[in-house]
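One structure below.
Just so you know, all these numbers are worked out from the coordinates, no wet-lab data involved. Note that the coordinates shown come from a computational prediction; the quantities given were computed from them, not determined experimentally. All Cβ positions, glycine included, derive from the backbone under ideal geometry; neighbour counts span all protein chains shown.
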């Protein structure tokens, strides 16, 4: 695994440490506090809801297919993030 640690500023200026781990398949593992996980879940829920509306409103076949694929990926990520909270 390849590791990386970075310092970042939170929304209110508080400094945070972010840890990223990559495996051989270039899959990222990210350490999140429960508060950060909750915020990420909210962001993903909003993005997923917006994408579902966009998919329904799109009539161009290629763009529609791309949006559906992206919507499915966001839904999958959202489900994995939600599973971390249970």
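Quick notes on this structure:
- Segment residue 84-residue 37, length gained on full extension (0.36 nm per residue, minus Cα span): 16.1 nm
- For segment 33-86: rounded, prolate or oblate by the Cα gyration tensor [a/c cutoff 1.5]: prolate
- Placing pseudo-labels 7 Å out from each Cα toward the beta carbon at residue 64 and residue 26 gives an inter-label distance of 3.1 nm.
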